[in-house]
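Heads up, the thing below is written out as structure tokens.
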Amino acid sequence: MNLMFLTHGALRQRLLTLGAMLALVAGGIFAWRALPIDAFPDVSSPQVKVIMKVPGMTPEEVETRVVLPIEQEVLGIANKRIVRSVSKYGIADITVDFVEGTDVYWARQQVGEALANVRGDLPASAMGGLAPITTPLSDLYMFTIEGPASLEEKRSALQWLIRPVLRTVPGVADVNMLGGDVRAFAVQPDPARLAAWGLSLNQLRTALQVNNSNDGAGRLDEGEETRIVRVQGAFANADDIRNTVVANVRGTPVRISDVAQVSVDSSTRYGIVTANGKGEAVEGIVLGLRGANAQQVIHGVKARLAELEPRLPQGMTIKVFYDRSQLVERAVGTVLEALGEAVVLVIVMLLLFLGNWRAALVVAITLPLSALATFILMRWFGLSANLMSLGGLAIALGMLVDAAVVVVENLVNHMSHDPEHAPDRNPGGATTDRLGRILRGVSEVSGPVLSGVAIIAIVFLPLLTLEGLEGKLFRPVALTIVFALGASLLIALTIVPVMASLLLKTASHTDPWLVRKLSAGYRRVLDWSFNHTRIVVTVALLSLVAAGWAYTRVGKTFMPTLDEGDVIVQLQKLPSVSLGATAALDLRVQQALLKEVPEIKSIVARSGSDDLGLDPMGLNETDTFLVLKPMSQWRGSKDEVIEAMRKVLERFPGVDFGFTQPIEMRVSEMLTGSRGDLVVKIFGPDIAQLGDLSQQVAETLKAVPGAQEVLAARPEGVQYLTVQVDRLAAGRAGFDVDSLQQDLRALVEGQPQGMVLEGVRRTPLLLRGGADLRSNPQAFAQVSITAPDGTAYPLSQLARLTPTQGPVLVAHEDGSRFAAVQANVSGRDLVSYVADAKQAVATKVKLPEGTRLEWGGQFENQQRAAARLGLVVPVALALIFVLLMTTFGSVRQSVLVFANIPFALVGGVIALWASGQYMSVPASVGFIALLGIAVLNGVVLVSHFNELLQRGLPLAQAVRDGAMRRLRPVMMTATITAFSLIPLLSATGPGSEIQKPLAIVVIGGLITSTALTLVLLPLMFARFGLPRIARETEAATQKTENV
């Protein structure tokens, strides 16, 4: 493809070209301001969650009566990828993941229809439906309500004042509420009084339900006016409830106050929040809508909270402990800071190599213009500005000037070294020496420049084929690089020639000091290399052997851990622990951490389920959110701080713990349904058997070197009190099983009987037994249950009560039960740990018939990424070879350039091994970049060799002169790319962990690649660059001329 028509047109219409450049600047600035900004790309798959609440129901009953009917219905939905579910006490959480590209609203419609189909099969007490349209990364803003107010007042302010206001912010899906006491009217029946009046609990329940409503009766005409009839019968306060008549017994009206106690109490609690070791707290979590701009959402939330602050009750304040925008700013700031430093280094290198501030300025213009054009394309294709997309721009920064460097370097040569060159006819038709030289200079290098940029773009195409999490993370990297390189090519062929025609002078000058020193040294190296070819080849081959040895010593993992700044400690206690006991233990843990780890600023911990049911943990599970002080106040590194926390937590017996981070935790849950670097899933039909196997696997994993924080879910262990209904006794007394179950649920768990409207606030009305009954199993066994005929029977006469153990949860994946074991890995690479762990588990854990294991987590992502790259990188290399063939028209020359690739990898592998980094997906991206740069440098050299041969120079002279002539562009390409990545090596902010392996690989690889390109490639071209007949003919001709 010949793009010289672009240069021709740009030089013909220079004013129009400058106008287009200004339009590009304006458009790029507008696009940058309009780009969504976030810390990460949206890594979530199209996902729909179904949350069903069934108060008082055990996990096994939730599984069989709620989860299984819904699962069987949704398993047949089109484009469904996987269905996961968790059945816990009183709640079912069902997650349906769809294949990429599925419209989430279509997916919600399909799941909604499936749910509607099975509604009739679900228990009457089941409440809920589709969860808000969020993603696993939608937790954007977390805060607690502070002040002297009671927990009930704080929860009421959050529910009725703060939440409604925040839900109006664009991009907010909902506000989740946790902790505190939810105000409720509680009707506590007195079984003895009910029995005395001969009334059943069902009659009391009916009285509450049918006496709490307002309604309209129609219209009455009065002369020329109409009156609307309104019938008021809804409860307005506790007295209304007390004065409601349950029944007339022997002519006496029996009111609710005669058989029950009515009070203002709180709803049954399924979770609790504690803070800073001081006591309970109330927490709010702002959930972002799927696809919303996180930065804008948080900005809107802050503005709305500032408006709301004066309306809060006196003394009540909102204390923020997690703000995603801070991570966004730090992550994006890390990349932008590295970009700024890299730009400075690139400009310095341009000045040193070109020795001409005008030429350096012409090349440097490419950087901002390419970046602005990239922003326009990012906006056009719907990409956000995040750590990965901007990281791609940082990676490409050094390569953005490659095309401009080659063009300007050749123009400088034409306008300084060849002053006697005859002028060409300019695009406008007049004879102008300056424009003619510029057009000729660009035309000489346009082919290699186009091929070079195309090669680098092609090597990044494999990243576009990555799947799963790795695809969502690194596709923005590849797209940004391709956008930037394409823009830099067009700028190098249009704007750069125009700017050169305006800024460069036609004057003879000497090469700058750096180039002269490099040329002198390189000439000596080149002469020595031609005289010691065998030594050079031997050293090159030995370097390949060394790289192969180093590669076997480099560990493999998926991704370096991104430091989000905040830390979450997951605590797991005995399954039978009560809500009060888990809160007391959490407070003791917080007090110890705050006392012994001064780096901790504050702590907020939550146990149990949240209000929306999006993260239904058990009462024995706690997520402890640790807010750390600024790093300047730390005694050591973050690893040392976490180690200090670990020592504190190890002193609490019976408590398992693990460390994670907010986003890291949610991503792991999204991918595997569990948390951890490695997740082992044991599938089988028997819950108790799964529990035993999970403990065996956990103990085996702990024994493998590198294991850290191994957590095995304990499906069994909850203390149950099984009420086995005596059908004969119950039937003789006039009870059916369903009515007996309803009465017991009302007495223990409590049953909602509607709402009491207090202004605009809706207060739940509960029928619930007294606290003494709910906390005393003996009293529960003797509680009186009134039969339909008015006779009271102790529960012990109607059923047999047996203490047993049961599951705390039942987890499903695609309809099959499983138990999960999660583990983090430290001190070694993930892949080798998994290999050893698999061998250990296969040896020590005997799987019964009907059970199986699956290994997942980050390990699964690494394996998938490696397999995909192993498939598509060779395809990309084949495309590059075809491109080389079209460029050179020679198989042997294409092979020579291609042979430079292994030597480019030498430095990258050795640098990775020497630095102690692992082979990860970012490191693989670095090797991909190296491939392109190595081939590009080879193209620059070989193209010039062929150009000199076409001018009639002998092969040996063409190779030596060509290598010397192309020393500057090759060195500029390598050094500018390497120096542009140096800021990524020294960066310390969020995201630097991901960029560092890439920078190490590229910088190390450029050292060996450049050295071998400049030394080995000329030797190989002189020996193999031309067919033997052509070399022999040239040698004979040379000999004849010498005679």
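The values are calculated or read from the model by the stated rules, or taken from the named source; none is laboratory data. Here the structure is a predicted model, which is why all the values come from computation and not from measurement. Neighbour counts are summed over all protein chains in view; Cβ atoms, including those assigned to glycine, are modelled from backbone coordinates with ideal geometry.
What the table shows:
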item	result
Boolean, M559 is within 30 Å of K996 (Cβ to Cβ), at pLDDT below 90 and of a type outside the set (F, W, Y)	yes
Counted residues, region 716-770 - those being surrounded by fewer than 20 Cβ atoms within 10 Å (Cβ to Cβ), among the aliphatic types (A, V, I, L, M), more than 43 Å from the chain's Cα centre (by Cα) and assigned to a strand (DSSP E or B)	2
Verdict on T134 being under 18 Å from A173 (Cβ atoms), surrounded by 18 or more Cβ atoms within 10 Å (Cβ to Cβ), of a type outside the set (A, V, I, L, M, F, W, C) and within 24 Å of the chain's Cα centre (by Cα)	yes
In region 624-658, the residues that are of a type in the set (S, T, N, Q) and surrounded by fewer than 14 Cβ atoms within 10 Å (Cβ to Cβ)	S632, Q633, S637
L912 vs. criteria assigned to a helix (DSSP H, G or I), touching a strand residue (DSSP E or B) at 6+ places or on another chain (Cβ under 9 Å) and either over 25 Å from V449 (Cβ atoms) or in contact (Cβ under 8 Å) with a residue 40 or more places away in the chain (or both)	yes
Strands (runs of 3 or more DSSP E) fully within region 107-182 counting 3 or more residues that are more than 27 Å from Q295 (Cα to Cα) and assigned by TED's automatic domain parsing to the domain that holds A92	127-130
Single match in L367, L377 (criterion: without any contact (Cβ under 8 Å) to a residue 60 or more places away in the chain and either within 19 Å of L24 (Cα to Cα) or surrounded by 20 or more Cβ atoms within 10 Å (Cβ to Cβ) (or both))	L367
Test: residue in region 649-661 that is at pLDDT below 85 and of a type in the set (D, E, K, R)	no
Residues of region 677-715 classified as more than 21 Å from N620 (Cβ to Cβ), part of a loop (DSSP other than H, G, I, E, B) and not acidic (D, E), total	5
Where L287 falls short, out of the listed (1) outside any helix (DSSP H, G or I); (2) in the same structural domain as T494 (by TED's automatic domain parsing); (3) surrounded by 24 or more Cβ atoms within 10 Å (Cβ to Cβ)	(2)
Whichever residue in region 771-781 is among the hydrophobic types (A, V, I, L, M, F, W, C) and touching a residue at least 12 places away in the same chain (Cβ under 8 Å) and, among such residues, is surrounded by the fewest Cβ atoms within 10 Å (Cβ to Cβ)	A781
Residues being loosely packed, with under 15 Cβ neighbours inside 10 Å, within 30 Å of P462 (Cβ to Cβ) and out of contact with any strand residue (DSSP E or B) (no Cβ under 7 Å at 6 or more places or on another chain) - total across region 839-874	4
Residues within region 772-786 that are assigned to a loop (DSSP other than H, G, I, E, B) and over 15 Å from A746 (Cα atoms), tallied	2
So N386, is it modelled with pLDDT under 85, of a type outside the set (A, V, I, L, M) and within 23 Å of V25 (Cα to Cα)	yes
Subset of region 227-241 [of a type outside the set (D, E) and either in contact (Cβ under 8 Å) with a residue 60 or more places away in the chain or buried (at least 16 other Cβ atoms within 10 Å of the Cβ) (or both)]	A234, F235, A236, N237, A238, I241
Condition check for M4: among the hydrophobic types (A, V, I, L, M, F, W, C) and surrounded by fewer than 17 Cβ atoms within 10 Å (Cβ to Cβ)	yes
Given (1) at pLDDT below 90; (2) farther than 30 Å from L369 by Cβ; (3) of a type in the set (D, E), index of the condition D42 fails	(2)
Any hit, region 830-838, residues being touching a residue at least 24 places away in the same chain (Cβ under 8 Å), touching a Phe, Trp or Tyr at 6+ places or on another chain (Cβ under 6 Å) and either buried (at least 20 other Cβ atoms within 10 Å of the Cβ) or not assigned by TED's automatic domain parsing to the domain that holds I642 (or both)	yes
Region 532-567, subset among the aromatic types (F, W, Y) and out of contact with any Ser or Thr (no Cβ under 8 Å at 6 or more places or on another chain), residue farthest from T334 (Cα to Cα)	W549
Cross-chain or 6+ apart pairs with Cβ under 8 Å, region 341-359 first and of a type in the set (A, V, I, L, M), then not in a helix (DSSP H, G or I)	V346/V401; L350/V401; L352/P512; L354/P512; A359/L504
Checklist (1) in a strand (DSSP E or B); (2) at pLDDT below 90; (3) under 31 Å from the mean Cα position of the chain (by Cα); (4) not charged (D, E, K, R) applied to M665, failing item	(1)
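Condition check ((1) in contact with a Ser or Thr (Cβ under 8 Å, 6 or more places away or on another chain); (2) surrounded by 15 or more Cβ atoms within 10 Å (Cβ to Cβ)) across all residues:
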site	(1), (2)
F98	yes, yes
V118	no, yes
L122	no, yes
S150	no, no
Q159	no, yes
P164	no, no
G171	no, yes
